[in-house]
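Please treat every number below as a calculation from the coordinates, not as lab data. In this text the structure is predicted, and so the values were computed from the model without any measurement.
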Amino acid sequence: PQDERDLVDLAAAEGERFATDTLAAGTGVSRMQLLKRLRGIEQTHQLITTDEGGYRFAHGLIREVLLHAIPVELRREYHGMVAAHLKEAFRDRPSESGKVGYHLLERHRFDDALPSLTGAAGEARRLFLNDRALQYLAISGVRHLEHLVETDLRRFPRQRYMRFRGSVRRTVRLTIAR
């Protein structure tokens, strides 16, 4: 049925592991109804499994196939829904800002994603996870530059680009110095 497909599509957009809170926020379905649907999907189709941390796809390829079958605009909307929920649910947890940034990038909200990704890089640096900090910065830089190439570079204010580039360089320097 279409409602089950919508549910697993949204779950695929969230990631390999997904939370019922996100699905409930994205679908508007009550938690009890959602849990029943997930149980039915698990038992009937064996696409997902449960564990103590919540739900996950039975195999990574299942998620990839589902994700790539979603039309691009709809996939972006799903990522936007996930980002909005995570941003609201985890606003006091900087450790989750990398997930928020990822979903905002996938939604093509680059300006909103940059603070989340640089925040995630700062949190990773604080935890001495320097490689992860650099990864967040690299992702934000590469995706942002891809966006610039897709759009007209002349419309992007040079001053904002220079500030962004400077913040990336400062963060990388601070990370390497530690």
Taking Rh as the Kirkwood radius, which is the inverse of the mean 1/r over Cα pairs, what is the Rg/Rh value for the stretch 1-96? 0.94
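Quick check: residue separation of residue 130 and residue 58 times 0.36 nm, minus the Cα distance between them. What number comes out in nm? Walk me through the intermediate numbers first.
On the way: separation 72, 0.36 × 72 = 25.92 nm, distance 3.13 nm.
Value of the extension gain: 22.8 nm.
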